[in-house]
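Worksheet for the structure shown next.
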Amino acid sequence: MPVPRAKQPPPRIQIEQPEPVVDCGRYPAKRTVGESVAVSADVFRDGHEVLRAAVRCRRAGDRTWCATPLAPVDAHTGGNRWSGEFAVDRCGPWQFSVEAWSDPFASWREELRRKVEAGQEGLASELSEGALHLQAAAARASGSDTRTLSAAHDVLADPVAGWREKVDAALSPSVADAADRHPDKSDTTIAGPFEIDVDAQRARFASWYELFPRSWGGLRGVADIVPAIAELGFDVLYLPPIHPIGETNRKGRNNALLAADEDPGSPWAIGHHAWGGHDAIHPELGTMEDFDHLISVASEHGVGVALDFAIQCSADHPWLTEHPEWFNRRPDGTLKYAENPPKTYQDIYNVNWESEDWRGLWQALLDVVLHWCQHGVRVFRVDNPHTKPLPFWEWLIKEVRGSHPDTIFLAEAFTKAAMMRTLAKLGFNQSYTYFTWKTSRHDLVEYLVELATSGMQEYYRPNFFANTPDILHGYLAGGGPPAFHARLVLAATLSPTYGIYSGYEHFENVPVRPGSEEYLDSEKYEVKRRSLDGPLLPVVRRLNRARREHPALQFLANIWFMDAGNENLLAYAKRTGDDVVLVVVNLEPHSAQEGAVTVPAHLGLAPAFAVRDELDEAATFDWRIGPNYVRLEPGGAHLLSLR
């Protein structure tokens, strides 16, 4: 029979199902600066030896590892699951490994303890074995630990000492502590390393406000309203493309094929033969100096400026003449404009990802992002990333974050779930979601459970935009102000990150035609006169204040849905540490609804407790574990915090 050929026997310790690990380690899990990374794994081996385990961590590139002990989760039942955590304090890639080893001295001590408790005496052989363990431990130790272990060894090796004295020395807690600090890791087994991608906190928790600068007086006009945007509690100000707009095939009002002289065109038709492309600013919006001023003002008020990164060009983009090989042409030589049937974009041309000069194309796009990073931009909303090669995104994001590790990329991809998940795995820090189309209690619960508990919570950070320039859902179009109120509360309390597009606070809800999700007189094709004075803004302010004051609203996976006895009432609790919030929303925008919200005992609340409504600070209620009567007006909501 064949014999094993390995010089050393294979490891006997097994480490299985380590977490957090995404796709067996193909992609990193995500965390943000200041968070603790909870690590767990099944650790076991044959026999009865005492095991030790630790999580080893380091920022990628560091030479040394830090170690934190893991402890059995279910030690009282003899289970295999071990857990612990480590903190991450800098942006960028991190690594962790799970390490486990047998503890010969602790195993011997445990065997000795059991025999003594069983009434056995003498134990000469066992004690002689212990002397060897103590001798080895003393050799590994230093300082006072060496003295402690050596003294115990001397007792066990003393032929005159009685067996009871030897047992007391061997089982001394101080001896055990000293030995634990200098373990014998001769049979160490390591699983990993696994990757953790650490982002700025804004990647996990932020409130977004989207506006078209041309409707606010250009970049200087936007800078003037930044203090008010910050006072409302917004963390990110998102600007659609600010670049020059092409003239060829320029779109008119409501996406008309023929533009009037005064029509400004769509900002997504990027590029002008005289004014430049993706690294330029439309002269009607201002100059680069104006942009730098906006970034400076926003930074002073704690607001990040997000730019739209749209990889598409107008027919007048300089790249079409400088690099014609970067674009798709039909057999007759004409350019192929962008289409997403039934939508057509006659003013936009996609790049040719199959170009022989694909390296030059990739580098030019990277240069665009780095250009804006050099001007202080750290957030990019990426337009339709699912229509571009995935390897390109993995490369570009890694390159950008290599020099600017606090950069955040938001994927605007409303497509098949597998693609949306993969974009998040390979580097996008945030993702748009299907939230806009989830309007019933069943759909919302099902979707949030998937986002928060299916494993997606390790890498997929949802950004719940209540509306966008492209999406006016029928719920808003038909529900009026109550629908806007309900969706705002849901977006801001279900997800740590949410956003609204300007006009939402004014209840703008007229579609271009019945059943369409396009706005009538869409701001994509015309300039509006905007002002920050919508009637919904007081609610926005209260919501954003509550989000900042309550850690429970700053995380995703801490949600628990509660029964309300009414399918039109959505009730849920969120808890982080000692902070608990309870939310109830009337999903019906046309009628009042009532029910009984059942608070579960496992939330750890007192049998009876007082709550305050953060949406109406004059309102306080006495709630309890079990059912609590609720009545809400159309689209109304409670955001309850414990007093």
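The values are calculated or read from the model by the stated rules, or taken from the named source; none is laboratory data. As the structure is a prediction and not an experimental result, all values here were calculated from the model. Every residue, glycine among them, receives a Cβ derived from its backbone with ideal geometry; neighbour counts consider all protein chains shown. Surface accessibility is based on the protein's heavy atoms, side chains included, excluding ligands, DNA and RNA. Shrake-Rupley method; radii C 1.70, N 1.55, O 1.52, S 1.80 Å.
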**Q.** Whole-Hz ³J(HN,Hα) from phi, Karplus 6.51 cos²θ - 1.76 cosθ + 1.60, for the stretch 211-227, glycine and proline x
**A.** 8, 8, x, 5, 8, 10, x, x, 5, 5, x, 5, 4, 5, 9, 4, x
Q: At 0.36 nm per residue, minus the direct Cα-Cα distance, what do E289 and T321 gain on full extension? Give it in nm, one decimal, please.
A: 8.7 nm
(Q) Tell me the carbon and sulfur percent of the accessible area for the stretch 439-489, rounded to whole percent, probe radius 1.4 Å. (A) 55 percent
Q: Scan the stretch 160-261 for trypsin sites (Lys or Arg not before Pro) in coil per DSSP, keeping those whose Cβ has at most 16 other Cβ atoms within 10 Å, and list them by number.
A: R181, K185
Q: Just grab the label-to-label distance for A557 and E518, each label 7 Å out from Cα along the Cβ direction, in nm (one decimal).
A: 4.2 nm
Q) Setting aside same-chain residues fewer than 8 positions from K398, which aspartates and glutamates have a Cα under 14 Å from its Cα? A) E195, D197, D199, D367, D406
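How big, in percent, is the set of alpha carbon pairs in the chain lying more than 42 Å apart?
It works out to 39 percent of all Cα pairs.
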Q | Between 0 and 90°, nearest 10: helix 288-300 axis offset from the chain longest Cα axis | A | 50 degrees
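Mind checking the stretch 526-605 for chymotrypsin sites (Phe, Trp or Tyr not before Pro) that DSSP puts in a loop (not H, G, I, E or B) and that have at most 13 other Cβ atoms within 10 Å? Let's see the in-between values first.
Working: sites: F555, W560, F561, Y572; in loops: F555.
Answer in residue order: no site qualifies.
Using the per-residue mean of other Cβ atoms lying within 10 Å as a proxy for protection, in what order, highest first, do the peptides 410-422, 237-249 fall? Numbers along the way, then the final one.
Values: 410-422: 18.0, 237-249: 22.5.
Answer by packing, highest mean first, reads 237-249, 410-422.
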(Q) With a 1.4 Å probe and all protein chains left in place, how much of the accessible area of the stretch 549-643 comes from carbon and sulfur atoms, in whole percent? (A) 51 percent
Q.
As I understand it, the value is the acute angle between the Cα axis of helix 417-426 and the longest principal axis of the Cα atoms of the chain; what does it come to in degrees, rounded to 10?
A. 70 degrees
Q) For G277, what is the net charge nearby, where nearby means another residue's Cβ is under 12 Å from its Cβ and Lys, Arg count +1, Asp, Glu -1? A) -4
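Quick check on the chain: of the DSSP beta bridges with both residues there, what percent are antiparallel, nearest 5%? Please list the in-between numbers first.
Numbers: 80 of 111 bridges.
Restricted to the chain, the bridges split so that about 70 percent are antiparallel.
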Q) Taking a quarter of the surface of the Cα convex hull of the stretch 175-262, what do you get in nm²? A) 14.0 nm²
Q: Could you please state how large a percent of the accessible area of the stretch 56-165 is carbon and sulfur, counting protein chains only and using a 1.4 Å probe?
A: 51 percent
Q: Could you let me know the centre-to-centre spacing of the stretch 567-617 and the stretch 17-89, using Cα atoms, in angstrom?
A: 35 Å
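Quick check on packing: order 502-511, 328-337 by the mean number of other C-beta atoms within 10 Å, highest mean leading. Could the numbers behind the result be given before it?
Numbers: 502-511: 19.1, 328-337: 10.4.
Put in order of decreasing packing, that is 502-511, 328-337.
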Q: Within the stretch 609-643, which residues have the backbone N less than 16 Å from the label spot 7 Å out from H602 along Cα→beta-carbon, could you tell me?
A: 626
Q. What does the helix-only formula give at 222 nm for the chain: each DSSP H stretch with n ≥ 4 adding -39500 (n - 2.57), the total divided by the residues, and the result rounded to the nearest 500 deg cm²/dmol?
A. -9000 deg cm²/dmol
Q. Where does helix 124-140 land angle-wise versus the long Cα axis of the chain, in degrees 0 to 90, nearest 10?
A. 50 degrees
Q. How large is the accessible surface per residue of the stretch 353-485, computed with a 1.4 Å probe and reported in Å² as a whole number?
A. 35 Å²
**Q.** Solvent-accessible area per residue, Å², over the stretch 155-287 with all protein chains present [probe radius 1.4 Å]
**A.** 40 Å²
(Q) For the stretch 276-306 and the stretch 128-163, what is the centre-to-centre distance using only Cα atoms, to the nearest Å? (A) 70 Å
**Q.** Under the Debye formula (equal points on every Cα, no solvent term), log10 I(q)/I(0) of the stretch 480-562 at q = 0.18 Å⁻¹
**A.** -0.87
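When every alpha-carbon pair in the stretch 396-518 is counted, what percent end up more than 27 Å apart? Write down the numbers at each step before the final one.
Values: 1736 of 7503 pairs.
It works out to 23 percent of all Cα pairs.
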Q) How high is the relative contact order of the chain, given as a whole-number percent (alpha carbon pairs under 8 Å, six or more residues apart)? A) 10 percent
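Which of K30/K416; K343/K524; K388/K416; K251/K524; K425/K574; K30/K185 have a Cα-Cα distance over 19 Å? Walk me through the intermediate numbers first.
Numbers: K30/K416 22 Å; K343/K524 14 Å; K388/K416 14 Å; K251/K524 10 Å; K425/K574 26 Å; K30/K185 31 Å.
Too far apart for the 19 Å limit: K30/K416; K425/K574; K30/K185.
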Q | Relative packing of 172-179, 477-484, 97-104, 615-622, which averages over residues the other C-beta atoms within 10 Å, highest first | A | 97-104, 477-484, 172-179, 615-622
Q | Pairwise label distance in nanometres, T576 with V527, each label 7 Å out on the Cα-Cβ vector | A | 4.2 nm
Q) How far apart, in nm, are the 7 Å Cα→Cβ label points at W395 and A67? A) 4.1 nm
